[in-house]
Structure formats: structure tokens, C-alpha cells
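What follows is one structure encoded as C-alpha cells, with my remarks underneath.
The values are calculated or read from the model by the stated rules, or taken from the named source; none is laboratory data. Not measured: the values here are computed from a predicted model. Cβ placement follows ideal geometry from the backbone for every residue including glycine, while neighbour counts extend to all protein chains displayed.
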Ligand SMILES: C[S@@+](CC[C@H](N)C(=O)[O-])C[C@H]1O[C@@H](n2cnc3c(N)ncnc32)[C@H](O)[C@@H]1O
């Protein structure tokens, strides 16, 4: 897609450069033709134009009719071509807003999702101790999104963030530093909690939960760009929950809280795994679409 004017127009018929609003509309139509859903295509086109032109949200909102330069048009064309190949905007730009934070999204970690804010929200509602020196454990930290969000809201808390992937450990450390939270967190490379002693006040986890057989049918943005280690939950999607739940009583304080993100149809199964290990469900959290996406429990 070439957003520029004719490179050598006849003087009398010089074509006006497109305005920011026109460029957004053109890119949105191009992305929509490439398979990106219409509303998403609009949002993505706006984000790419802002990146190409170095504009804040406010600057774009104040002057949507300003023309774009040829250099901006070139940059926008390149960014749009990547998005049309279904690379997510957060990966193209290398960052994503999560909770109140701007996080770096490195290529080899899960792109943190808005859905995961439900896990943060549910956990904060249940701990309700913003001035307590809580010990938090985040199993499968990825970009460190959950750890960073919880620490940003709980100023006396300390967290241990664990991931099997060295890329995820590096990304978590980078985001902790970016958010000014490194002094209250320890990043550990390992398999779930196996190298840790605990006990922790709060254990949170968004483990891989996609059924292995469902992975080939995921959207290209997920299938091609999120790492398999972050997605694959085994044959029934529950393998990681089983592993983590079997070690919870060792790692969690008797009055502690565990909170899991779950796939759309997994809340009942995860609640029953927890029930079988002596946990009582404290809350089931719903995402913006009303789906049960978080199961929180305490030792019964
Ligand atoms: C669904 S991602 C969640 C990432 C991040 N917490 C978030 O919510 O955006 C799951 C994470 O678990 C990690 N993981 C997978 N198997 C693991 C294991 N056995 N032990 C520790 N971490 C593991 C993956 O590397 C990945 O970063």
C-alpha cells in the first residue's frame, strides 16, 4: 500500500497530500480487506498513524485534518503492510498499555491481554490490604504484566515472578525496571513453584490454557506471534492448572489467596481441581464480555 502522492505530479494537477483522517480511513479499509475485523482495523489504523507521525492521542484528536508528510506516509505504509500480514500492533510498536502501565512487549513473550486485567482486578478486590507487606508469587510471568500491575497497586508488597522461558524472565525484569518496581521483585527462571519454598500470601497465575488441538485454528495474531509455551495447555487445556494446584498447599499461607485466569469455558473445571485439593472458591471474576475468566480460592 502506497500512501504517498504521485511522486512527480504535473504542477497544475498537484494532488493534495492525504489528511491524517483520510490516511486512517485508507489504512483501516486495507486492514479490513486483509481480514482484520472492522472496529479493530480502525483502532489499529489510528495507532499506526500516531506511531508513523509521532503523535500523541491528543495531538491527533486536535488536528485530524492536518496533512501527512511523504516521510510519514512511507512509514505508515510499512507499518500497515506488517499489520495486514496479521502481526499485532503491540508487536509492531513493541509496547502495550496494561492496567495503568506502558509495558514493553518483546517478540518471545505472550502479548498481555486486556482480559488479564480481570485477574488483577479480582486479586486486588480480595486482598484489600494495600498497606500490608504481602508476598506475591506470579507463576508464568511472561512480560511481567500481572506482577507489575499488582506491585503498582500494593506499595508494600514484594513479588516473585517465575517463568520457564528465559525470554520471559528478561521481559519481566525489563518491565519491572521500566515501571520502577525492580526493588520489590525477584525474577526466577524455573518450572512453576518447584524451586521455591514460600509461603506466599497471594499466588496468581495466567498459565497456558489453550487445548493443544485448538492451536492451529487460533487467529494468526495469536498462532503466529504468541509463543507456543505460553499457549499450550495440553490435551484438555488443564494440564498446567493440575500441576500448579498440586503444589499450592505447600506454597500458600493457610489464609492465603490463589487466583487463576481461565479460558472462557474452564471456570467450572478449574474450580473443581481446586475443590479437590481442599480450596474454597472465593470469587469467580468475569471479563468485560461477562465471561467467567478468573477463579480465586482460599484454603478451606
Ligand atoms: C499465558 S502466558 C502468561 C504470561 C503473563 N503472565 C500474562 O498474563 O500476560 C503463560 C506463561 O507461562 C510460562 N510457562 C509455561 N510453562 C511453564 C512452566 N512449566 N513453568 C513456568 N512457566 C511456564 C510461559 O513461558 C508463559 O510466559
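Assorted remarks:
The rows are residues; the columns are (1) out of contact with any strand residue (DSSP E or B) (no Cβ under 8 Å at 6 or more places or on another chain); (2) in a helix (DSSP H, G or I); (3) over 16 Å from residue 221 (Cβ atoms).
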{"position": "44", "(1), (2), (3)": "yes, yes, no"}
{"position": "51", "(1), (2), (3)": "yes, yes, yes"}
{"position": "55", "(1), (2), (3)": "yes, no, yes"}
{"position": "61", "(1), (2), (3)": "yes, yes, yes"}
{"position": "71", "(1), (2), (3)": "yes, yes, yes"}
{"position": "90", "(1), (2), (3)": "no, yes, no"}
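- Qualifying position, being closer than 21 Å to residue 172 by Cβ, surrounded by 15 or more Cβ atoms within 10 Å (Cβ to Cβ) and in the same structural domain as residue 159 (by TED's automatic domain parsing), among 201, 287: 201
- The one condition in (1) within 16 Å of the ligand (Cβ to nearest atom); (2) surrounded by fewer than 20 Cβ atoms within 10 Å (Cβ to Cβ) that residue 93 fails to fulfil: (1)
- Of the criteria (1) part of a loop (DSSP other than H, G, I, E, B); (2) surrounded by 22 or more Cβ atoms within 10 Å (Cβ to Cβ); (3) outside the structural domain of residue 199 (by TED's automatic domain parsing), which one residue 112 fails: (3)
- Residue that is farthest from the ligand (Cβ to nearest atom), among those in the range 113-133 that are at pLDDT 95 or above and touching a helix residue (DSSP H, G or I) at 6+ places or on another chain (Cβ under 8 Å): 124
- The residues of the range 158-194 that are within 10 Å of the ligand (Cβ to nearest atom) and out of contact with any helix residue (DSSP H, G or I) (no Cβ under 6 Å at 6 or more places or on another chain), listed by number, are 162, 164, 166, 167, 168, 169, 171, 172, 188, 190, 191, 194.
- Hits in the range 92-109 - residues which are assigned to a strand (DSSP E or B) and out of contact with any helix residue (DSSP H, G or I) (no Cβ under 8 Å at 6 or more places or on another chain): 95, 97
- The residue that is surrounded by the fewest Cβ atoms within 10 Å (Cβ to Cβ), counting only those in the range 169-197 that are assigned to a loop (DSSP other than H, G, I, E, B) and in contact with a strand residue (DSSP E or B) (Cβ under 7 Å, 6 or more places away or on another chain), is 195.
- Considering residues of the range 225-247 that are closer than 16 Å to residue 272 by Cα and within 8 Å of the ligand (Cβ to nearest atom) only, the residue surrounded by the most Cβ atoms within 10 Å (Cβ to Cβ): 240
- Residue check for residue 210: in contact with a helix residue (DSSP H, G or I) (Cβ under 7 Å, 6 or more places away or on another chain) and either away from the ligand (no atom under 12 Å from the Cβ) or within 14 Å of residue 297 (Cβ to Cβ) (or both): no
- The range 101-112, subset out of contact with any strand residue (DSSP E or B) (no Cβ under 7 Å at 6 or more places or on another chain) and at pLDDT below 95, residue nearest to the ligand (Cβ to nearest atom): 108
- Members of the range 123-133 found to be surrounded by fewer than 24 Cβ atoms within 10 Å (Cβ to Cβ) and either touching a strand residue (DSSP E or B) at 6+ places or on another chain (Cβ under 8 Å) or under 18 Å from residue 283 (Cα atoms) (or both), listed by number: 124, 125, 126, 127, 128, 129, 132, 133
- Check on residue 258, in contact (Cβ under 8 Å) with a residue 24 or more places away in the chain and in contact with a helix residue (DSSP H, G or I) (Cβ under 8 Å, 6 or more places away or on another chain): yes
- Within the set 136, 203, the sole residue that is within 26 Å of residue 235 (Cα to Cα), outside any loop (DSSP other than H, G, I, E, B), touching a strand residue (DSSP E or B) at 6+ places or on another chain (Cβ under 8 Å) and more than 12 Å from the ligand (Cβ to nearest atom) turns out to be 203.
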